[in-house]
Amino acid sequence: MQRLFCTFRVERRLFGVDILDVKEVTAETTHTRVTHAPEEVLGLVNIRGHIYLALDLRRLLGMPATELTLESRLLLFKPSVGSAFGVVVDQISEIQTADANHIEKFTRNDHEFAATNVQRVDLIDSVCKLGTELLVVLNPRRFLAIVEQKLAATA
């Protein structure tokens, strides 16, 4: 069985999410800050009259904040993942096909991944070797949970 992933780069590392969770990818990253929002929240983005919460994937992963460039993209998720939100990534990559037999559930002591600077390993669902590169598959359903936890802690 084959699985498709929408892949993207964050600090030159290859990450991805299941293509079935993705609504669209847009170059629109202009956002309006939300006062007193956690650092993971970039702000609100208006896409064709619909308002989306834009999250900083770098911050969610425990990395330094995103610096928007011409290659930055906003990856929007379907409502089945969470209510009107997306993440800003450094650069969109291509759709990758992976055989389900090559996808391994991620464990916290995964030695190949230990050298990276991702601190929020709870966002990682699985890993997959693609040629010479490791694809880190994230679970976008956990993204909003981090923001909600931070909001609850400050309330």
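The values are calculated or read from the model by the stated rules, or taken from the named source; none is laboratory data. What you see is a predicted model, and the numbers here were worked out from it, not measured in a lab. FYI the Cβ positions are ideal-geometry reconstructions off the backbone, even for glycines, and counts take in every protein chain you see.
Here the strands (runs of 3 or more DSSP E) wholly within the stretch 71-155 that include at least 3 residues being modelled with pLDDT of 85 or more and touching a Lys or Arg at 6+ places or on another chain (Cβ under 9 Å) are 73-77, 85-89, 91-99, 124-130, 133-138.
Restricting attention to the stretch 38-52 and to residues that are touching a strand residue (DSSP E or B) at 6+ places or on another chain (Cβ under 9 Å) and touching a residue at least 60 places away in the same chain (Cβ under 8 Å), the residue that is nearest to Thr132 (Cα to Cα) turns out to be Glu40. Scanning the stretch 119-145 for residues that are among the β-branched types (Val, Ile, Thr) and surrounded by fewer than 18 Cβ atoms within 10 Å (Cβ to Cβ) yields Val121, Thr132.
Restricting attention to the stretch 45-67, which residues are crowded, with 16+ Cβ neighbours inside 10 Å and either among the hydrophobic types (A, V, I, L, M, F, W, C) or part of a loop (DSSP other than H, G, I, E, B) (or both)? Spell out the reasoning first.
Going residue by residue through the stretch 45-67, those that are crowded, with 16+ Cβ neighbours inside 10 Å are 45, 47, 52-61, 63, 66.
Those that are crowded, with 16+ Cβ neighbours inside 10 Å and either among the hydrophobic types (A, V, I, L, M, F, W, C) or part of a loop (DSSP other than H, G, I, E, B) (or both): Val45, Ile47, Leu53, Ala54, Leu55, Leu57, Leu60, Leu61, Met63, Thr66.
The residues of the stretch 13-39 include none that are closer than 19 Å to Asp125 by Cα and assigned to a loop (DSSP other than H, G, I, E, B).
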